[in-house]
Amino acid sequence: MKTSIYYVILGCFMFLLIANCNSTKTINKSTEREEPVVIKNDSLEYEIIILDIGFNAYLQSIARPVGYYSQSYLENRNSFLVPVWNARVNDPIRFNPNIYQNVIDYDANIDYGYDVNYKLFNYFQFAERKYRMVLR
């Protein structure tokens, strides 16, 4: 009797273990499919690589379309948001270093082009939503 109960409990444990392993594999497969977003301006040799899961989907479904904002609007917002971001990167005691990992080298006096400013601005919008933060 004790032996059969032991096998039933062992069988349930093995089922749960296998079910957990399979669900982990599914999650890993879905995260491996997302390509990083590369923000670059070849003429300036400027490049930002965003590896944050979900940013591609945000750009395709939630972000305002390309052309919605003017380049000057995006440059003004980025020149305000980048220093806030960088201050948080440099203060890992107050701000999560897993979120704020890298300083963004952005000079408001350089014309990075529309694409760079558009994607950078939208990354800030995405990060505010995903991490429930306010960059102000």
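When Rg and the Kirkwood radius Rh are both evaluated on Cα atoms of segment 34-131, their ratio Rg/Rh stands at 0.94. For residue 39, the residues 5 or more places off, or on other chains, whose built amide H falls under 5 Å of its own are 48, 49, 50.
Charges were assigned to the Cβ only: +1 to each Lys and Arg, -1 to each Asp and Glu. The resulting dipole of segment 34-131 about its Cα centre is roughly 500 debye. Among 79-91, 53-65, 117-129, sorting by the average number of other beta carbon atoms lying within 10 angstrom of each residue, highest first, gives 117-129, 79-91, 53-65.
Phi angles of segment 68-79 translate, via the Karplus equation with coefficients 6.51, -1.76, 1.60 and θ = phi - 60°, into HN-Hα couplings of 5, 9, 7, 4, 5, 4, 4, 5, 5, 5, 5, 5 Hz per residue; Gly and Pro are given as x.
Rounded to whole numbers, the Karplus 3J(HN,Hα) couplings from phi for segment 58-64 are 4, 4, 7, 10, 10, 4, 4 Hz, using 6.51 cos²θ - 1.76 cosθ + 1.60 with θ = phi - 60°, and x at Gly and Pro.
Values in this text are rule-based calculations from the coordinates and carry no lab data. Since the structure is predicted, the reported quantities are computational estimates derived from the model, not experimental observations. Note that we place each Cβ from the backbone using ideal geometry, even for glycine, and neighbour counts take in every protein chain shown.
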